[in-house]
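Undergrad: The structure's right below; bear with me while I get my questions together.
The values are calculated or read from the model by the stated rules, or taken from the named source; none is laboratory data. Computed from a predicted model, the values in this text were never measured in an experiment. Here the Cβ is made from the backbone with ideal geometry for all residues, glycine too, and neighbour counts use every protein chain on show. SASA here: full protein model, heavy atoms, side chains in, ligands and nucleic acids out. Shrake-Rupley method; radii C 1.70, N 1.55, O 1.52, S 1.80 Å.
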Amino acid sequence: MTENIKLAPGDAAPEFTLPDADGNEVSLSDYRGRKVIVYFYPAASTPGCTKQACDFRDSLGELNEAGLDVIGVSPDKPAKLAKFRDAESLTFPLLSDPDRATLTEWGAFGEKTMYGKKVQGVIRSTFLVDENGKIEVAQYNVRATGHVAKLRRDLSV
C-alpha cells in the first residue's frame, strides 16, 4: 500500500465534476466566489455517516448564514444517495464518486487502520475551500460524531 496524498491549507482544491443524487452534474467550480465545506464519507445510510450528514443538515442554516455551503461526497451510486437524502431529509448536495478518483485526488481514499488492520478505504475527511478554490482547512480521519460541532467551533460559526 502506498502513502496517501494529503492536501494542506493553501493548496489548490482539486477540481471535480460528479453526479448528484438525481444524476445532475455538480462541479466544485460552481461554488467559486463562495466558501464551501467538502466532506468525504464512506457510505450512505450507515450509522456514522448518517449521524454526520444529519449534523450537517441540522447546522446548515447557521453555516449558510456564515457564507458556507456544504457538499458530501461518497463512492455510493446516485440512486443510493437519493434514498439516503430522502430518508434523512438532507438539503445539501450528495455527490457520487464510484471510481473513487476524486476521493483519491483529495487524499480521502487510501490506506487507513480499521479495527487494528491496515485496509484501503474512504478516509473520513473534511475541507473548507475558499472563494478562490484554495484549501483553507484540511482535516483527515475525523470522527463522525461531534465533528460538525467541532468544525463550527473552529470556524466560529
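Undergrad: What number goes with the only condition from (1) touching a strand residue (DSSP E or B) at 6+ places or on another chain (Cβ under 6 Å); (2) open to solvent by 10 Å² or more (accessible area, probe 1.4 Å) that ASN64 does not pass?
TA: Going through the list (1) touching a strand residue (DSSP E or B) at 6+ places or on another chain (Cβ under 6 Å); (2) open to solvent by 10 Å² or more (accessible area, probe 1.4 Å), ASN64 breaks only (1).
Undergrad: May I pose another question? Looking only at the stretch 29-48, filter to residues that are among the hydrophobic types (A, V, I, L, M, F, W, C) and modelled with pLDDT under 95; which one of those is nearest to ALA8 (Cα to Cα)?
TA: Result: ALA43.
Undergrad: Please go through the stretch 42-57 and pick out each residue that is open to solvent by 10 Å² or more (accessible area, probe 1.4 Å) and in a helix (DSSP H, G or I).
TA: PRO47, GLY48, THR50, LYS51, CYS54, ASP55, ARG57
Yes or no, residue by residue, for (1) farther than 20 Å from GLN139 by Cα; (2) in contact with an Asp or Glu (Cβ under 9 Å, 6 or more places away or on another chain):
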position: ALA8; (1), (2): no, no
position: ALA13; (1), (2): no, yes
position: GLU25; (1), (2): yes, no
position: ARG34; (1), (2): no, yes
position: PHE40; (1), (2): no, yes
position: LYS51; (1), (2): no, no
position: ALA66; (1), (2): no, no
position: LEU81; (1), (2): yes, yes
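Undergrad: Let me ask something else. So which pairs qualify, if the first residue must be in the stretch 122-134 and under 18 Å from ALA66 (Cβ atoms), the second must be hydroxyl-bearing (Ser, Thr, Tyr) and part of a strand (DSSP E or B), the Cβ gap must be under 7 Å, and the two must be at least 6 apart or on different chains?
TA: Going by the 7 Å Cβ cut-off, the qualifying pairs are THR126/TYR39.
Every residue, every condition in (1) open to solvent by less than 30 Å² (accessible area, probe 1.4 Å); (2) touching a helix residue (DSSP H, G or I) at 6+ places or on another chain (Cβ under 7 Å), yes or no:
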{"residue": "SER59", "(1), (2)": "yes, yes"}
{"residue": "LEU68", "(1), (2)": "yes, no"}
{"residue": "VAL73", "(1), (2)": "yes, yes"}
{"residue": "LYS80", "(1), (2)": "no, no"}
{"residue": "ARG100", "(1), (2)": "no, no"}
{"residue": "THR104", "(1), (2)": "no, no"}
{"residue": "GLU136", "(1), (2)": "no, no"}
{"residue": "VAL148", "(1), (2)": "yes, yes"}
{"residue": "ASP154", "(1), (2)": "no, no"}
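Undergrad: Any residue at all in the stretch 29-39 that is among the basic types (Lys, Arg), over 20 Å from LYS77 (Cα atoms) and either surrounded by fewer than 14 Cβ atoms within 10 Å (Cβ to Cβ) or over 15 Å from the mean Cα position of the chain (by Cα) (or both)?
TA: Within the stretch 29-39, one or more residues are among the basic types (Lys, Arg), over 20 Å from LYS77 (Cα atoms) and either surrounded by fewer than 14 Cβ atoms within 10 Å (Cβ to Cβ) or over 15 Å from the mean Cα position of the chain (by Cα) (or both).
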